[in-house]
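Notes follow the structure.
The values are calculated or read from the model by the stated rules, or taken from the named source; none is laboratory data. These numbers were taken from a predicted model, which means no experiment stands behind them. With ideal geometry, Cβ positions are generated from the backbone for all residues, glycine too; neighbour counts draw on all protein chains shown. Ligands, DNA and RNA are excluded from the accessible area calculation, which covers all protein heavy atoms including side chains. Shrake-Rupley method; radii C 1.70, N 1.55, O 1.52, S 1.80 Å.
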Amino acid sequence: MSEPMRAAVRHRYGPPEVLEIRAIDRPDCGPGQVLVRVHATTVNRTDCAVLMAKPFIMRPMTGWIHPKRATTGTDFAGEVVAVGAEVDEFEIGDRVWGFHDEGLSSHAEYLVAGRRENVAKMPAGVSFVDAAASLEAAHYAANFVKRLQVHQGDRVLVNGASGAIGSAVVQLLKNKGVVVTAVCGTANIPRVETLNPDEIIDYEREDFRQTSTRFHAVLDAVGKSSFGRCRHLLLPRGVYISSELGWGCQNPLLALVTPCLRGKVVRFPLPTNIAASMQQMGALLTEGKFAPLIDRQYPLEEIRDAFGYVLTGEKCGNVMLTFDVGVEALAD
């Protein structure tokens with residue numbers, strides 16, 4: 001019989017209360033797969049969308065009526081404990097990380113994953129927590145920055161610079177020599193200052209839309225503004241990107257229309273090539289050019305609280321789950 005493990009389990013879509021911590025069978029790795037002991041993972045906005053199937057467009061990936069995966073979680077950092085047939089790139093004991101936005105069942109002590117789930121060896125000298133915090137949000141940030149097509153000396157405003165995506169965007173832009181204006185709340189200014197933006201606007205004291213500066217790009221990493229409200233901030237051929245669909249799915253629609261007008265444009269990049277993002281982030285972590293912002297760490301038993309906190313929209317950086325206690329600690 002399979003050994004037991006602790007996992008966050010749900011069988012219907014809903015709020016964090018649908019999650020339960022249960023002892024379930026530890027999965028076995030098949031051909032082309034590895035079994036990983038999870039040391040750290042995040043609770044992120046993608047996880048929230050998978051948990052609740054919101055927006056509705058998530059359901060083709062996660063299951064139309066019921067979740068395809070009982071266990072939540074989309075990223076991980078951990079250690080290989082078993083290797084399946086036809087696997088020659090990993091050995092037992094390897095430190096690995098991975099991300100798959102359709103789900104990895106990583107909110108559990110163990111998971112199985114293969115090439116489809118973008119498993120790779122972790123960058124040397126990086127902790128499990130930092131590695132896990134440099135996956136989901138950093139992947140989206142890397143795709144957004146790539147589509148901005150900005151260069152050294154260009155000016156970019158980042159709304160939501162204290163979030164997991166926004167803080168990663170700021171660092172990626174600074175690595176390109178971009179002049180960054182970061183927008184965040186009062187309490188998060190000290191954390192955002194560590195990212196070395198050129199200017200910080202406290203949205204609780206000042207409306208960033210009233211600034212006299214004009215930008216090559218405006219990136220809304222929290223989806224709380226719109227192209228219409230930010231258009232005047234852009235230079236004649238400036239670019240607006242949001243991490244959200246926008247009211248009435250306006251951002252994808254505007255991304256189709258505005259390029260035809262030969263002026264200020266909206267881009268709505270669909271994040272692709274997770275493996276390339278991981279390679280990029282691994283190099284930056286190794287070189288000391290990226291440090292993920294981490295807000296709070298929760299044990300698996302408090303996963304409902306972790307999801308609830310992420311859903312408040314008030315987190316600063318990443319919210320982590322860490323695993324230290326064995327399955328024997330799970331109450332009957």
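Among the residues of segment 155-183, how many are without any contact (Cβ under 8 Å) to a residue 60 or more places away in the chain and assigned to a strand (DSSP E or B)? Result for segment 155-183: 5. Filtered by the rule that a residue be in contact with a Gly (Cβ under 9 Å, 6 or more places away or on another chain) and either surrounded by fewer than 24 Cβ atoms within 10 Å (Cβ to Cβ) or not aromatic (Phe, Trp, Tyr) (or both), segment 79-97 gives Glu79, Val80, Val81, Gly84, Ala85, Glu86, Val87, Arg95, Val96.
Does Ala124 count as crowded, with 23+ Cβ neighbours inside 10 Å and closer than 25 Å to Ile92 by Cα? The answer is no for Ala124. Of the residues Val218, Val178, Val129, the single one that is modelled with pLDDT of 95 or more and assigned by the TED database to the domain that holds Asn44 is Val129.
Within segment 87-105, residues that are more than 30 Å from Arg10 (Cβ to Cβ) and without any contact (Cβ under 8 Å) to a residue 24 or more places away in the chain reach partners that are of a type in the set (A, V, I, L, M) and surrounded by 19 or more Cβ atoms within 10 Å (Cβ to Cβ) with beta carbons closer than 7 Å, at six or more positions or on different chains, in the pairs Glu91/Val80; Ile92/Val80; Gly93/Val80. When Leu135 is tested against the conditions (1) under 21 Å from the mean Cα position of the chain (by Cα); (2) open to solvent by 70 Å² or more (accessible area, probe 1.4 Å), the lone failure is (2). Can you name the residue in segment 22-64 that is of a type in the set (A, V, I, L, M) and more than 25 Å from Gly308 (Cβ to Cβ) and is also nearest to the chain's Cα centre (by Cα) among such residues? Among those residues, the one meeting the criterion is Val36.
For segment 187-210, residues that are closer than 22 Å to Ser226 by Cβ and open to solvent by 80 Å² or more (accessible area, probe 1.4 Å) total 5.
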